[in-house]
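Here is the structure we will look at, set down as structure tokens.
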């Protein structure tokens with residue numbers, strides 16, 4: 001009986017922690033979750049090559065956020081195509097940003113180096129993950145030049161679909 005009670009208490013504590021986590025607020029005090037058709041929530045994160053990168057610093061650019069983790073096979077498979085898109089569309093105003101979810105700068109730097117990425121990578125401690133309700137990887141987010149989220153894709157994308165979404169942002 002004591003074991004069942006203890007297990008129930010642990011489950012309840014975890015559920016409460018999840019609720020608190022899910023309802024967390026940004027630094028302005030208001031909960032902000034990204035929604036297609038609405039302004040992207042603000043963020044500032046440590047970045048590679050460094051020191052930080054923010055949404056505000058990218059004002060006026062079309063943005064392609066790619067949420068990944070080093071252990072994610074599809075994320076590794078997509079990295080070369082995403083880098084090619086970054087190089088091909090940078091002159092037209094597209095800024096690709098990799099978002100390494102819940103890892104550390106060493107792992108993010110290794111991923112960046114292993115894949116010869118030319119775009120910046122931010123090391124997300126959970127802020128962006130929460131803002132974009134990321135619960136699986138990879139996730140692709142396309143934000144227009146006005147800062148409006150235009151598309152969120154959970155899961156793998158073909159290079160053709162990535163390019164098509166980048167093109168739409170740049171029209």
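Of 105, 91, which residue is out of contact with any helix residue (DSSP H, G or I) (no Cβ under 6 Å at 6 or more places or on another chain) and within 23 Å of residue 163 (Cα to Cα)? Show your work before the answer.
Details: 105 fails: within 23 Å of residue 163 (Cα to Cα).
After ruling out the rest, the residue left standing is 91.
With respect to the conditions (1) without any contact (Cβ under 8 Å) to a residue 12 or more places away in the chain; (2) touching a helix residue (DSSP H, G or I) at 6+ places or on another chain (Cβ under 6 Å), residue 164 lacks only one, and its number is (2).
Reported count of residues in the stretch 128-159, each being surrounded by fewer than 18 Cβ atoms within 10 Å (Cβ to Cβ), out of contact with any helix residue (DSSP H, G or I) (no Cβ under 9 Å at 6 or more places or on another chain) and part of a helix (DSSP H, G or I), is 1. Every condition in (1) at pLDDT 95 or above; (2) more than 15 Å from residue 166 (Cβ to Cβ); (3) surrounded by fewer than 13 Cβ atoms within 10 Å (Cβ to Cβ) holds for residue 27 except the one numbered (1).
Checked against (1) in contact (Cβ under 8 Å) with a residue 24 or more places away in the chain; (2) assigned to a helix (DSSP H, G or I), residue 100 passes all but a single condition, namely (2). When the stretch 44-73 is filtered for residues that are part of a loop (DSSP other than H, G, I, E, B) and surrounded by 11 or more Cβ atoms within 10 Å (Cβ to Cβ), the ones remaining, listed by number, are 50, 55, 59, 61, 69, 70, 71, 72. Under the condition of being under 14 Å from the mean Cα position of the chain (by Cα) and crowded, with 18+ Cβ neighbours inside 10 Å, which residue from the stretch 101-124 is nearest to residue 90 (Cα to Cα)? The selected residue is 119.
The values are calculated or read from the model by the stated rules, or taken from the named source; none is laboratory data. Because the structure is a prediction, the values reported are computed rather than measured. FYI the Cβ positions are ideal-geometry reconstructions off the backbone, even for glycines, and counts take in every protein chain you see.
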